[in-house]
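K.L.:
First the structure, which I've put down as structure tokens, then a few questions once you've had a look.
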Amino acid sequence: MENQKPQIVTIDGTEFNANDFTEQQSVLLHHCVDLDRKIGSTTFQLQQLQVGKDSFLKLLKDALAADTDKVQDIEPVNA
């Protein structure tokens, strides 16, 4: 394994050669890498959801404003 190209991992500013990790350390590293990927994906999805919600809220506000304008355009009937 000495011929392998070093796989450098930086954790809290300290560099480690992942090729030297124990099996447990390697598994923990893979969990961290996978969780980082999932966090990035979830953040991306959250941004999409937020924009979608904001768009629907704007459409709702516009629809409510249109109804309010219609109500204001009607003159009250005196009884």
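K.L.:
Compute the long axis of helix 23-73 from its Cα atoms, compare it with the longest principal axis of the Cα atoms of the chain, and write down the angle in degrees, 0 to 90, nearest 10.
P.N.:
That helix lies at roughly 10 degrees to the long axis.
K.L.:
The list (1) 26, 15, 8; (2) 23, 14, 12; (3) 62, 9, 9 gives values of semi-axes √(5λ) of the Cα gyration tensor in Å, and only one came from this structure; which label was calculated from it?
P.N.:
(3)
K.L.:
Might you report the magnitude of the Cβ-based charge dipole of the chain about its Cα centre, with Lys and Arg at +1 and Asp and Glu at -1, to the nearest 20 debye?
P.N.:
For the chain, the charge dipole is close to 160 debye.
K.L.:
Now for a separate question. Between Gln48 and Asp69, what's the calculated FRET efficiency when r is the beta-carbon distance and R0 is 30 Å? Round to 0.05.
P.N.:
My answer for the efficiency is 0.40.
K.L.:
Here's another thing I want to ask about it. Could you report the chain's accessible area per residue, 1.4 Å probe, as an integer in Å²?
P.N.:
Here the per-residue accessible area is 96 Å².
K.L.:
Something else: Would you kindly state how much longer the chain becomes between Asn3 and His30 on full extension, computed as 0.36 nm times their sequence separation minus their alpha carbon distance, in nm to one decimal?
P.N.:
Here the answer is 7.5 nm.
K.L.:
Also: In the stretch 14-28, which residues have a backbone nitrogen under 19 Å from the label point lying 7 Å from Arg37's Cα in the Cα-to-Cβ direction?
P.N.:
18-19, 24-28
K.L.:
Placing +1 on the Cβ of each Lys and Arg and -1 on the Cβ of each Asp and Glu in the chain, which of Val51, Gln25, Leu35 has its Cα farthest towards the positive end of the resulting dipole?
P.N.:
The Cα lying farthest towards the positive end belongs to Val51.
K.L.:
When the accessible area of the stretch 1-47 is split by element with a 1.4 Å probe, what percent falls to carbon and sulfur?
P.N.:
Here it works out to 55 percent.
The values are calculated or read from the model by the stated rules, or taken from the named source; none is laboratory data. On a predicted model such as this, the values are computed, not experimentally measured, just so you know. Because the Cβ atoms are built from the backbone with ideal geometry, glycine has one as well, and the counts that use them run over all protein chains shown. Heads up: the accessible areas ignore ligands, DNA and RNA and are worked out on the full protein's heavy atoms, side chains in. Shrake-Rupley method; radii C 1.70, N 1.55, O 1.52, S 1.80 Å.
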